[in-house]
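What follows is a single structure, written as structure tokens, with notes after it.
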Amino acid sequence: MPRNQRLADAIRSSGRSLEDLAADVGAHPKTLERWVGSGRLPHAATRARLAALLGVPVPMLWPEVPGAAHGVSEVVGVYTTRNELSPSTVGSMLDGTTGHIDVLVYSGMWLWDTVPRFRDRLLERLAAGVVVRICLGDPDSDAVHLRGEEEGSGDGMASRCKIAIDYARPVLDADPNAVRLTGATLYCSIFRFDDELLANTHFWGNPAAASPVIHLRSRGDGGIAANVLRSFERVWDQAQPLPG
């Protein structure tokens, strides 16, 4: 059986030793190592106890186990708000990309402002042959102005879109097909780094930064991640190239 990377990540994040966790669940440390290394499945009661100790839902650690949450195997994690998403996490996914980077936002200013060297790293990925597609909000569109009104920022959203466009110009210079503008209503901002996806939901009147982010790992043509990617493609196909 394959290694249970989710369990390994949860244990590492907890800061607890294998010995302490094993003692708390009534198992030998070697047994806990086998649960991680070989993907062996603990008994149901032990799974529940270990998940409670790690503060992670059972289906997140063992998504293959049938149950009420079966089918969430693509879900790597959920952030209560986008503000909880570390820029270093995004930077790590960005640097590890070898095939595709897709970004669908109105402005995405947090990327340019908080992820170190975000633009330069995008250019590095482009130079390495990665396909980069950045879809930004059209500052003159009705949808962008309505979002600003709904979030209470007035013309602030359109202004941020204009700044983001300026930030994206060097990417456009490197690849004339890399940046487009959209006037579509966004229900979710999308960030794709190969098979890793971040879906930032939009609650009405709530800034995206204060709304949840679902971290997904694509597993093929079906499931949640595939649906997110189809949404991106629909918007991208209707978006207009950013003039040079």
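In the range 106-116, what count of residues is obtained for those that are over 15 Å from residue 200 (Cβ atoms) and at pLDDT 95 or above? Spell out the reasoning first.
Start the filter on the range 106-116 by keeping residues that are over 15 Å from residue 200 (Cβ atoms), which leaves 112-113, 116.
Okay, now just the ones that are also at pLDDT 95 or above, so none.
The number of residues fulfilling the criteria is 0.
Within the range 6-39, being closer than 25 Å to residue 78 by Cα and not in a helix (DSSP H, G or I) holds for 15, 16, 17, 39.
Any chance the range 17-25 includes a residue that's open to solvent by less than 70 Å² (accessible area, probe 1.4 Å) and among the hydroxyl-bearing types (Ser, Thr, Tyr)?
We begin by selecting, within the range 17-25, every residue open to solvent by less than 70 Å² (accessible area, probe 1.4 Å); these are 17-18, 21-22, 25.
From what's left, among the hydroxyl-bearing types (Ser, Thr, Tyr): 17.
Checked against the condition, which is being open to solvent by less than 70 Å² (accessible area, probe 1.4 Å) and among the hydroxyl-bearing types (Ser, Thr, Tyr), the range 17-25 yields at least one hit.
Against the list (1) over 21 Å from the mean Cα position of the chain (by Cα); (2) open to solvent by 80 Å² or more (accessible area, probe 1.4 Å), the condition residue 230 fails is (1).
Here's the yes/no breakdown for (1) closer than 26 Å to residue 84 by Cα; (2) touching a residue at least 12 places away in the same chain (Cβ under 8 Å); (3) of a type in the set (D, E, K, R):
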site: 164; (1), (2), (3): yes, yes, no
site: 172; (1), (2), (3): no, yes, no
site: 186; (1), (2), (3): yes, yes, no
site: 204; (1), (2), (3): yes, yes, no
site: 213; (1), (2), (3): yes, yes, no
site: 225; (1), (2), (3): yes, yes, no
site: 229; (1), (2), (3): yes, yes, no
site: 234; (1), (2), (3): no, no, yes
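Screening 99, 39 for residues that are open to solvent by less than 30 Å² (accessible area, probe 1.4 Å), in contact with an Asp or Glu (Cβ under 8 Å, 6 or more places away or on another chain) and small (Gly, Ala, Ser) leaves exactly one candidate, 99.
In the condition set (1) of a type outside the set (Asp, Glu); (2) open to solvent by less than 30 Å² (accessible area, probe 1.4 Å); (3) within 29 Å of residue 155 (Cβ to Cβ); (4) not in a loop (DSSP other than H, G, I, E, B), residue 139 is compliant with all but (4).
The values are calculated or read from the model by the stated rules, or taken from the named source; none is laboratory data. The structure displayed is predicted, hence computed values, not measured ones. All Cβ positions, even for glycine, are placed from backbone atoms using ideal geometry, and neighbour counts span all protein chains on display. Please note that ligands, DNA and RNA were not included when accessible areas were found on the heavy atoms of the full protein model with its side chains. Shrake-Rupley method; radii C 1.70, N 1.55, O 1.52, S 1.80 Å.
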